[in-house]
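S.K.: For reference, the structure I am asking about is given below.
The values are calculated or read from the model by the stated rules, or taken from the named source; none is laboratory data. Quick caveat, the model's predicted, so the values are computed rather than measured. So basically every Cβ, Gly included, is an ideal-geometry build from the backbone, and we count neighbours across all protein chains shown.
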Amino acid sequence: MKSLFIAFLFFYLHPIPALSSADYDASTTVSNATDFIRTSCSATLYPDLCYASLSGHANAIRQDPARLARTAIGVSLSRARHMAAFVSNLSREADYGADPRASAALHDCFSNMGDAVDEIQGSLNQMRKLVAPGSESFRFQMGNVQTWMSAALTDEETCTDGFEDVDDGPMKTAVCERAANVKKFTSNALALVDCYAEKGMN
């Protein structure tokens, strides 16, 4: 009985604080942002992957299509960089191997991925300097971003072309599967860029 009284006294003196309007607004903002991201991702070829990769950035994205596109580009850049590093490590190992076709394919893939990284980085830099939508400068800047992201996607696709003549094996499978995954992120980012460019130019 005494312990119950002490517990009652503790909660009486230290009541559980109610959610403030600020807490409620913050949770509502995040909820609205995730809904915005999910809806926007429906315009991409890989909507589930799009949402999974961007929903964690809801606080930063909010309901801003420019931030959404910029964040998607940043995610694709990170994936491309990891892929370039992965292929670089494999190519160094392949230089000591017995299959010259595999070695050549890896070096070509690394070169293409390096180009893709540069192009995505250029796109991200341009997105960080955007002027107000509707102007000719905005149209020019978004044209650059679309061109570079398209080029990056092409380079990522070209990465695996040389592996057609390489015998099937764990290395070939790993490279092709990872490259295919990177292309999905770049494709999604390009789709979100296209959506934002279309809205901003109308």
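S.K.: Across the stretch 119-135, what is the total count of residues that are loosely packed, with under 14 Cβ neighbours inside 10 Å and either part of a helix (DSSP H, G or I) or touching a residue at least 60 places away in the same chain (Cβ under 8 Å) (or both)?
M.R.: So the answer is 2.
S.K.: Have a look at 87, 145, 175, 131 and point out the one that is within 17 Å of the chain's Cα centre (by Cα) and at negative phi.
M.R.: After applying the criteria, what remains is 145.
S.K.: It is to be established whether one or more residues within the stretch 23-42 are surrounded by 17 or more Cβ atoms within 10 Å (Cβ to Cβ), modelled with pLDDT of 95 or more and among the small types (Gly, Ala, Ser).
M.R.: Taking every residue of the stretch 23-42 in turn, at least one turns out to be surrounded by 17 or more Cβ atoms within 10 Å (Cβ to Cβ), modelled with pLDDT of 95 or more and among the small types (Gly, Ala, Ser).
S.K.: Further question on the same structure: Could you list all residues from the stretch 136-183 that are loosely packed, with under 13 Cβ neighbours inside 10 Å and farther than 20 Å from residue 119 by Cβ?
M.R.: 136, 137, 164, 165, 167, 168, 169, 170, 173, 177
S.K.: Given the residues 76, 103, 88, which is the only one that is modelled with pLDDT of 95 or more and among the polar types (S, T, N, Q)?
M.R.: Within the list 76, 103, 88, the selection yields 76.
S.K.: Can you name the condition, by its number, that residue 164 falls short on among (1) part of a loop (DSSP other than H, G, I, E, B); (2) free of Cβ contacts under 8 Å to residues at least 12 places away in the same chain?
M.R.: The failed condition is (1).
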